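Here is the structure we will look at.
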Amino acid sequence: MVQAFCDKVGYPVIIRPSYVLFGAAIASTGEVGCIGAEMEEALLSALRSVGFKLGKKSVLISTGPAEEKMAWLPILLRLKEMGYKLHATSGTARFMRANGMEVETLRWPLEGGRPNCIEHIKSGKIGLVINVPKSNEEEELSNDYLIRRAAVDNGVPLLTNLKLTERLFEALNIYDFDKLPVREWGDI
């Protein structure tokens, strides 16, 4: 089960009974290893240990190229079911509306005007950012950089990977992020 999860998420692991140590190939700097009775608990504990917080139920979503948006649909629907207020960049917002979701469209940072992504992040209206670039074009990468930078600078959790986002929301269906048990090595 743990190996299958890590294969799906794309992390190398050291496997022992009921816990995972994520390897150095993680998509950020550093490593985190946490124990849990199940993989979902260990994942949430690892995220919590690095300061990941899910307080405000409001999310900014920019899910990348059109051909990949369909893979995000189950997560987007789950966010809606969980009561998140949905905000998105223009292409993602069009996709979400076409699939029956109510969403506020936010302008790209370099687009100017209001309402815009950076303003919403800085003002505390956004509690989570999901941002996946759609291309390697300079303007696209610059807009994505500005959104990610604003999230990090303002302490807003940032997800940049479909598989990790899927696993996070699967785990949140099982565990309350704010009431995770603190386990010792011998507890597992």
(message) Being in contact (Cβ under 8 Å) with a residue 60 or more places away in the chain, more than 27 Å from Gly33 (Cβ to Cβ), in contact with a helix residue (DSSP H, G or I) (Cβ under 6 Å, 6 or more places away or on another chain) and assigned to a strand (DSSP E or B): is that true of Ile126 here?
(response) no
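Residue-wise test of (1) without any contact (Cβ under 8 Å) to a residue 60 or more places away in the chain; (2) surrounded by fewer than 21 Cβ atoms within 10 Å (Cβ to Cβ); (3) not in a helix (DSSP H, G or I).
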{"position": "Ala46", "(1), (2), (3)": "yes, yes, no"}
{"position": "Phe52", "(1), (2), (3)": "no, yes, yes"}
{"position": "Lys56", "(1), (2), (3)": "no, yes, yes"}
{"position": "Gly64", "(1), (2), (3)": "no, no, yes"}
{"position": "Glu68", "(1), (2), (3)": "no, yes, no"}
(request) Just give me the residues in region 167-182 being in contact with a Leu (Cβ under 8 Å, 6 or more places away or on another chain) and closer than 14 Å to Pro74 by Cβ, in sequence order. (result) Arg167, Leu168, Phe169, Leu172
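Filter region 70-98 down to residues that are without any contact (Cβ under 8 Å) to a residue 24 or more places away in the chain and buried (at least 17 other Cβ atoms within 10 Å of the Cβ) and give me whichever is nearest to Asn131 (Cα to Cα).
Kept after step one, since they are without any contact (Cβ under 8 Å) to a residue 24 or more places away in the chain, are these residues of region 70-98: 70, 80-81, 90, 93-94, 97-98.
Applying the additional criterion that residues be buried (at least 17 other Cβ atoms within 10 Å of the Cβ) yields 80, 93.
On the way: Lys80: 17, Ala93: 13 Å.
Among them, the one singled out is Ala93.
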(message) Out of everything in region 107-123 that is in a loop (DSSP other than H, G, I, E, B) and out of contact with any Lys or Arg (no Cβ under 9 Å at 6 or more places or on another chain), what residue ends up being surrounded by the fewest Cβ atoms within 10 Å (Cβ to Cβ)?
(response) Gly112
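Can you say whether Tyr145 is in a loop (DSSP other than H, G, I, E, B) and either at pLDDT 90 or above or at positive phi (or both), as far as the supplied structure shows? Walk me through how you get there before you give the answer.
Working: in a loop (DSSP other than H, G, I, E, B): no; either at pLDDT 90 or above or at positive phi (or both): yes.
Considered against the rule, which asks whether it is in a loop (DSSP other than H, G, I, E, B) and either at pLDDT 90 or above or at positive phi (or both), Tyr145 comes out as no.
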(message) Test of understanding: among Asn143, Asn131, which residue is farther than 27 Å from Asn173 by Cβ and of a type in the set (S, T, N, Q)?
(response) Asn143
(message) Which residue is surrounded by the fewest Cβ atoms within 10 Å (Cβ to Cβ), if the candidates are limited to region 153-172 and must be more than 14 Å from Pro109 (Cβ to Cβ) and without any contact (Cβ under 8 Å) to a residue 40 or more places away in the chain?
(response) Leu158
(message) What's the number of the only condition in (1) over 18 Å from the mean Cα position of the chain (by Cα); (2) under 26 Å from Tyr175 (Cβ atoms) that Pro115 fails to meet?
(response) (2)
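The values are calculated or read from the model by the stated rules, or taken from the named source; none is laboratory data. Computed from a predicted structure; not experimentally measured. Cβ atoms come from the backbone with ideal geometry, glycine included; neighbour counts cover every protein chain shown.
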